[in-house]
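Since the structure comes first, as structure tokens, the remarks are kept for the end.
The values are calculated or read from the model by the stated rules, or taken from the named source; none is laboratory data. Bear in mind the structure is a predicted one, so any value in this text is a computation, not a measurement. Counting neighbours? That spans all protein chains shown, and the Cβs are built from the backbone with ideal geometry, glycine included.
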Amino acid sequence: ESKEITISRGLEGIYIAETTLCKIDGANGRLWYRGYPIEVLAENSNYEEVSYLLLFGKLPNRKELSAFRERLKAERDVPPVVFDIVEEMSGRAHPMDVLRTCISSLSIYDEDPEDKSQQANIRRAIKLIAKTASIVAYMGRYRQGKDYVPPDSSLDHSANFLYMLTGKKPDEMAAKLIDLMFILHAEHGSNASTFSTLVTGSTLADVYAAVTAGAATLKGPLHGGADEAALRMMYSIGDPDNTETYIEEALEGKRRIMGFGHRVYKAYDPRAKIVRKYLELYQERNPSEEVSRLLQIALRAEKLMLEKLSKTKGIWPNIDFFAGPLYRAIDVPAELFTPIFAASRMVGWCAHLFEYWQNNRLFRPLDNYVGEVDKKYVPIDQRE
Ligand code: SDX
């Protein structure tokens, strides 16, 4: 007999596991990593400390943090195979395709693939967190036709990333902004790319396979790709006075405004508030014509969207909306936005994978077959 089957499209509203990594309060626009409000971490912490918190479940003391920092520094160099992949693929493939391939290739350098212990997996996570940032920086160098910049061990993780990308040690404000973006993108529950990571890991495939699935998933414009798409929209609006017309036409044409809307947040994404706050702060201190124009467009688009869609349809700005103008303020090229998102989220993918493996169960949902059964096979010369 056919029992009542309800399909949850996109698994909306379905819980897949218990976690202590991250809490999202979608109705009120709140976010916590391991119980700490994101605003507190954004203001006081740094990406290395947040990575430690996510991987080990507590804030490190001085000794633990400096040991963790040393382990990350020791893994910053870009391995040989990555140079070949970046040089062979850049200009012929989307940056996220290049990055996904590089991440996948790192498995050949694993000290002992058979070692499935927790400390071996932490070692893999540290290698992946450190190297993915360096790989993204080298991708940026190569695309600008510039040479590889070796890591600088006097800099922390995200400042070193900016250094390897630009060849210049970032000033204090730029270092704070890039570290902020690394913190804000580090973790966000069972989002699509983390879910992909978990599905792959649930078959007991290895860490590299699982995070490669995560990176492949993050590319899509409905997920990680929205930050670049939102900035491109701002550039095509061009003059702030075109903003309202552009947005209204897009909405009339049922086109999505990238950087708005979220499956869980039905309120202002708390991360977007933080990005906007620091962007406005930076703009006051280091005014630039391009950024102030982008900021005006973003604020006017936000104002219109809040009036038109937030109250009625629960569509609010998300982290991707103000990310572009902020990255432009520190000279990060648009094609690296999603790769940076991946470099940051690497710790979230690994932390969720290790947590899920504590109580692993193969993901195998059902689909409801609605076709015919036992159809008659007709030999080909009797078919119309
Ligand atoms: C991230 O999950 C995470 O946590 C992700 C993330 C993370 O940190 O990992 O937070 C990062 O991916 C942020 C989201 C980035 N994506 C975008 O900005 C792309 C634009 N946003 C959407 O396409 C959309 O809002 C989603 C994909 C994010 C969520 O989609 P849902 O929950 O599946 O909602 P839906 O597509 O069913 O839309 C519901 C309605 C539709 O209207 P109707 O067809 O019912 O009339 O809302 C409309 C949509 O057309 N809508 C939008 C819109 N987003 C949804 N309309 C205009 N502009 C938008 N951006």
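This table checks each residue for (1) touching a residue at least 24 places away in the same chain (Cβ under 8 Å); (2) more than 13 Å from the ligand (Cβ to nearest atom); (3) surrounded by fewer than 23 Cβ atoms within 10 Å (Cβ to Cβ).
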| residue | (1), (2), (3) |
| --- | --- |
| 231 | yes, no, no |
| 264 | yes, no, yes |
| 293 | yes, yes, yes |
| 314 | yes, no, yes |
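Restricting to region 181-204, and then to whatever is of a type in the set (S, T, N, Q) and outside any helix (DSSP H, G or I), can you tell me which residue is nearest to the ligand (Cβ to nearest atom)?
Step by step, filter region 181-204, then rank; the result is 191.
Of all residues in region 318-341 being of a type outside the set (A, V, I, L, M, F, W, C) and within 9 Å of the ligand (Cβ to nearest atom), which is surrounded by the most Cβ atoms within 10 Å (Cβ to Cβ)?
For region 318-341, the residue satisfying everything is 320.
Determine which member of the set 381, 374 is assigned to a helix (DSSP H, G or I) and free of Cβ contacts under 8 Å to residues at least 40 places away in the same chain.
Among 381, 374, only 381 is assigned to a helix (DSSP H, G or I) and free of Cβ contacts under 8 Å to residues at least 40 places away in the same chain.
Restricting to region 274-287, and then to whatever is touching a residue at least 24 places away in the same chain (Cβ under 8 Å) and either part of a helix (DSSP H, G or I) or surrounded by 15 or more Cβ atoms within 10 Å (Cβ to Cβ) (or both), can you tell me which residue is farthest from the ligand (Cβ to nearest atom)?
285
Only one of 173, 164 is touching a Ser or Thr at 6+ places or on another chain (Cβ under 7 Å), over 24 Å from residue 117 (Cα atoms) and away from the ligand (no atom under 16 Å from the Cβ). Can you tell me which?
164
Report yes if some residue within region 356-365 is crowded, with 19+ Cβ neighbours inside 10 Å and in contact with a helix residue (DSSP H, G or I) (Cβ under 9 Å, 6 or more places away or on another chain); otherwise report no.
Yes - at least one qualifying residue is present in region 356-365.
Please state which one of 232, 263 is in a helix (DSSP H, G or I) and basic (Lys, Arg).
Among 232, 263, only 232 is in a helix (DSSP H, G or I) and basic (Lys, Arg).
All but one of (1) within 21 Å of residue 338 (Cβ to Cβ); (2) in contact with an Asp or Glu (Cβ under 9 Å, 6 or more places away or on another chain) hold for residue 133; which doesn't?
Single failed check for residue 133: (2).
Between a first residue in region 350-364 that is within 15 Å of residue 213 (Cα to Cα) and a second residue that is of a type in the set (S, T, N, Q), which pairs have beta carbons less than 6 Å apart while being 6 or more apart in sequence or on different chains?
Filtered contacts from region 350-364: 352/194; 353/197; 363/202.
Among the residues of region 109-137, count how many are assigned to a helix (DSSP H, G or I) and either under 22 Å from residue 217 (Cα atoms) or at pLDDT below 95 (or both).
16
Output yes when any residue across region 67-74 is under 21 Å from residue 157 (Cβ atoms), touching a Ser or Thr at 6+ places or on another chain (Cβ under 7 Å), at pLDDT 95 or above and surrounded by 14 or more Cβ atoms within 10 Å (Cβ to Cβ), and no when none is.
yes
Considering each of 57, 13 in turn, give the residue that is over 21 Å from residue 339 (Cα atoms) and touching a Ser or Thr at 6+ places or on another chain (Cβ under 8 Å).
Criteria check complete, one pass: 57.
Which residues, taken from region 165-182, are in contact (Cβ under 8 Å) with a residue 40 or more places away in the chain and either touching a Cys at 6+ places or on another chain (Cβ under 8 Å) or of a type in the set (A, V, I, L, M) (or both)?
Matches in region 165-182: 165, 173, 174, 177, 178, 180, 181.
Scan region 305-341 for residues that are outside any helix (DSSP H, G or I) and either more than 16 Å from the chain's Cα centre (by Cα) or not β-branched (Val, Ile, Thr) (or both) and report the count.
Adding up the residues that qualify gives 8.
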